[in-house]
1. For the chain, which whole-number percentage of the solvent-accessible area (1.4 Å probe, protein heavy atoms only) is attributable to carbon and sulfur atoms?
2. What shape does region 251-298 have by the C-alpha gyration tensor, where a ≥ b ≥ c are the square roots of the eigenvalues, rounded means a/c under 1.5, and otherwise prolate means a/b greater than b/c and oblate the rest?
3. Report the accessible area of residue 243, computed with a 1.4 Å probe over the heavy atoms of all protein chains in place, in Å² rounded to the nearest 10.
4. Taking K and R as +1 and D and E as -1, what net charge do the other residues with C-beta under 15 Å from the C-beta of residue 272 add up to?
5. In whole Å, what three semi-axes, largest first, describe the equivalent ellipsoid of region 50-160 built from its Cα gyration tensor (square root of 5 times each eigenvalue)?
6. So, for region 153-282, what is the accessible surface per residue at a probe of 1.4 Å, expressed in square angstrom?
7. Helix 322-333 sits at what angle to the longest principal axis of the chain, using alpha carbons and giving 0 to 90 degrees rounded to 10?
8. If you line up the Cα atoms of region 205-264 on their principal axes, what length do they span on each, largest first, in Å?
Amino acid sequence: MAASRTLGTFRLPPLPTIREIIKLFRLRAVKQLSQNFLLDLRLTDKIVRKAGNLTNAYVYEVGPGPGGITRSILNAGVAELLVVEKDSRFIPGLQMLSDAAPGKLRIVHGDVLTFKIERAFPESLKRQWEDDPPNVHIIGNLPFSVSTPLIIKWLENVSHRNGPFAYGRTQMTLTFQKEVAERLTASTGSKQRSRLSIMAQYLCDVQHIFTIPGQAFIPKPEVDSGVVHFTPLTRPRIEQPFRLVEKVAQNAFQFRRKYCHRGLGMLFPEAWRLESTGKLLELADVDPTLRPTQLSVSHFKSLCDVYRKMCDEDPHLFAYNFREELKQKSEKRG
């Protein structure tokens, strides 16, 4: 048996189905945590195939739940799979998988938002940023409630080349609510174009791989899900600090139905808003009557570069928050 295992690819032994695991451990999806279980192993296998060749790879799975995608990853011949699960109810079922795959599955009972992945895998896996991506992958069926804060956190990690990207240009294959998947991958001019589109696309090559119908999940969510694949770019399309790009994008989409000058104006204090907005758009060579959804990543590059110069000239500008100014005004009136 040992000899055949070294020659052939690893396969899990026969195990209870995910549905049986759910019954066995009396698992129930918690609505407040936006949990939905993916039971169809053909779909979990497809997600894992779309992640690329995982032979001898080191994989970090977030939110494994009852372990559907976990099984598919283990069957893909990985060197090691690390799962981080916050909900202690899922640990016994995952432990059963760990026992069935000795030395392959490491379980951490913890929160993916605070877990330090950069210390989890061998140093030898690290690659130069300009090299091909390392043999490290992130895969996960993300609970809808954490998917947006988590991808923003990871995109910030990409920009700093830390966290999961301390190993190099680690690839991610993740499921999101379909609308979020569409925002992440929306092209210029699309109705779904948003802050998320800019933040993802200036740092990564982002592809909406396929859609999973809601009925594939238990309990069935009201919306479908989208599987999105991210590969960090060797050079970001905007070479400015993450927080600056985020602030410009956030303000631009503040009033998505209005002309872009309206939202971008909110980057500046009211006293010189008109003059500063005009200067920003003129120097960036951006038409003030474009809608936010019509702004390309290269438009944002110009806007961020000019805004950075304006912040360098006025050290207080970056800290300015128009909501704070509105709040102070209303307090004075009150």
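The values are calculated or read from the model by the stated rules, or taken from the named source; none is laboratory data. Predicted model, so just to flag it, every value in this text is computed and none were measured. Don't worry about glycine lacking a Cβ; one is built from the backbone with ideal geometry, like all the others, and counts go over all protein chains shown. When the accessible area is computed, the model is the full protein with side chains, heavy atoms only, and any ligands, DNA or RNA have been set aside. Shrake-Rupley method; radii C 1.70, N 1.55, O 1.52, S 1.80 Å.
1. Values: 8280 of 16590 Å².
Of all accessible area on the chain, carbon and sulfur atoms account for 50 percent.
2. On the way: a/c = 2.15, a/b = 1.32, b/c = 1.63.
Oblate, because a/c is 1.5 or more while a/b does not exceed b/c.
3. Approximately 130 Å² for this residue.
4. Numbers: positive: 273, 279; negative: 270, 275, 282, 313, 314, 325.
Summing Lys/Arg as +1 and Asp/Glu as -1 gives -4.
5. Numbers: eigenvalues 93, 69, 29 Å².
Taking √(5λ) for each Cα gyration eigenvalue gives 22, 19, 12 Å.
6. 42
7. The two axes meet at around 60 degrees.
8. Rounded to whole Å, the extents work out to 42, 34, 17 Å.
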